[in-house]
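S.K.: Input: one structure, supplied below.
Computed from the coordinates by the stated procedures, all read-outs in this text should not be read as laboratory data. Just so you know, these numbers come straight off a predicted model, no measurement behind them. Heads up, the Cβs are rebuilt from the backbone with ideal geometry, glycines too, and the neighbour counts pull from every protein chain shown.
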Amino acid sequence: MLKVWIAGANGQIGRALNDVLDPMQIETLNTDLDELDITDTDEVINFGSINRPDVIINCTGITDTDECEKNPEHAYRVNALGARNLSIVARKCGAKIVQLSTDDVFDGKSKKPYTEFDDTNPLTVYGRSKRAGENYVKEFTHKHFIIRSNWVYGKGGHNFVNRVLETAEKVRHFPLLLISLDHRPVPRIWQE
Ligand SMILES: NC(=O)c1ccc[n+]([C@@H]2O[C@H](COP(=O)([O-])OP(=O)(O)OC[C@H]3O[C@@H](n4cnc5c(N)ncnc54)[C@H](OP(=O)(O)O)[C@@H]3O)[C@@H](O)[C@H]2O)c1
């Protein structure tokens, strides 16, 4: 049976993945900060060597962009060194790794939708730390998938849709809800 390690399993995407992975077909190893700190290189390698996953999905992250600006060292430790630690395990076990990254690796100045061949130019600590994570993953194993997503939403997470719903609930006696858009997400689907 395929063994999938979801690191950051209690987060928004980690929980959503658990909802869709069929336990009859896939053995899931779930970890989060309380049991395995992704920045602890020895512990991560130890966990990987004992459990030998076939696939690692890195759903960990410091995703609060303001928090990243306030504490860049912590952001880099989790978003970059955490990804490095997981890719060391992937290389040792011959596992595939899925690295959840972000469109914040780009500066957003292009008039066209970005492709994977465009140069990166992150403007924030979050974006720079995630790009550093991508680079580690690429350096340590060629068996990788890097997903540069944005505006993911789902049940119970801190996301745009839930924020709009909460705000709408609070201001429901006003006829109009003003939303400031400093991002223009362009959802795309690639098929190879
Ligand atoms: N949501 C989006 O729109 C979006 C867009 C693009 C990319 N991504 C990427 O997708 C990934 C998951 O996003 P998400 O929205 O699911 O984030 P999330 O809800 O914040 O989940 C992140 C999880 O990582 C855990 N974590 C933090 N530091 C850790 C550490 N040192 N060791 C182990 N686990 C740790 C968090 O635990 P605590 O809660 O206890 O801190 C949390 O459970 C992130 O890498 C993010 O950069 C997300």
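S.K.: How far is helix 82-93 tilted off the main Cα axis of the chain, in degrees rounded to 10, range 0 to 90?
M.R.: Around 30 degrees separate the two axes.
S.K.: What is the distance, in nm, between label points placed 7 Å from the Cα along the Cα-to-Cβ direction at Q25 and at V171?
M.R.: The two pseudo-label positions are separated by 4.4 nm.
S.K.: To the nearest 20 debye, what charge dipole does the chain have about its Cα centre, counting +1 at the Cβ of each Lys and Arg and -1 at the Cβ of each Asp and Glu?
M.R.: Values: 24 positive and 28 negative charges, 122 e Å.
Charge dipole of the chain: 580 debye, to the nearest 20.
S.K.: Positive end of the dipole of the stretch 2-170, charges at C-beta (+1 Lys, Arg; -1 Asp, Glu), about the Cα centre: which of S129, G108, G11 has its Cα farthest in that direction?
M.R.: G108
S.K.: Also, quick follow-up: Would you mind counting up the charge near N10? Only other residues with Cβ under 15 Å from its Cβ, with Lys and Arg at +1 and Asp and Glu at -1.
M.R.: Result for the neighbourhood of N10: -3.
S.K.: What is the sum of charges around A83, taking Lys and Arg as +1, Asp and Glu as -1, for the other residues whose C-beta is under 12 Å from the C-beta of A83?
M.R.: +3
S.K.: A follow-up question, please. Under 15 Å from the Cβ of D34, count the other residues' Cβ atoms, weight Lys and Arg +1, Asp and Glu -1, and hand me the total.
M.R.: -4
S.K.: Report, in deg cm²/dmol and to the nearest 500, the calculated mean residue ellipticity at 222 nm for the chain, where each DSSP H run with n ≥ 4 adds -39500 (n - 2.57) and the sum is divided by the residue count. Don't skip to the end; give the middle numbers.
M.R.: Working: 7 runs with 70 residues, N = 192.
Taken over the chain, the calculation gives -10500 deg cm²/dmol.
S.K.: Once you have a ≥ b ≥ c as the square roots of the Cα gyration tensor eigenvalues for the stretch 55-138, tell me rounded if a/c is under 1.5, and otherwise prolate or oblate according to whether a/b is larger than b/c.
M.R.: oblate
S.K.: Right, something else. Label the chain by shape, choosing from rounded, prolate and oblate, from the square roots a ≥ b ≥ c of the eigenvalues of the Cα gyration tensor; if a/c is under 1.5 it is rounded, and otherwise prolate applies when a/b is larger than b/c, oblate when it is not.
M.R.: Values: a/c = 1.77, a/b = 1.45, b/c = 1.22.
In terms of gyration-tensor shape, prolate.
S.K.: In addition: Of K111/K155; K112/K138; K112/K170; K3/K155, which sit over 28 Å apart, Cα to Cα?
M.R.: K111/K155; K112/K170
S.K.: A further question follows. Between rounded, prolate and oblate, where does the stretch 1-99 land on the alpha carbon gyration tensor, with a ≥ b ≥ c its root eigenvalues, rounded for a/c under 1.5, else prolate if a/b exceeds b/c?
M.R.: Here the stretch 1-99 falls in the oblate category.
S.K.: Let me ask something else. Please rank V4, V89, fewest neighbouring Cβ atoms within 10 Å first, as an exposure proxy.
M.R.: In order of increasing Cβ crowding within 10 Å: V4, V89.
S.K.: Any idea what angle helix 160-170 forms with the longest principal axis of the chain, computed on alpha-carbon atoms, 0 to 90 degrees, nearest 10?
M.R.: 40
S.K.: While we're on this one: May I ask what percent, to the nearest 5, of DSSP beta bridges between residues of the stretch 2-170 are antiparallel?
M.R.: Counting DSSP beta bridges with both partners in the stretch 2-170, the antiparallel share is about 0 percent.
S.K.: Turning to a different aspect of this structure: Residue by residue through the stretch 132-140, which ³J(HN,Hα) values in whole Hz follow from phi under the Karplus form 6.51 cos²θ - 1.76 cosθ + 1.60 (θ = phi - 60°), with glycine and proline marked x?
M.R.: Residue by residue, the stretch 132-140 yields 4, x, 4, 4, 4, 4, 5, 6, 8 Hz.
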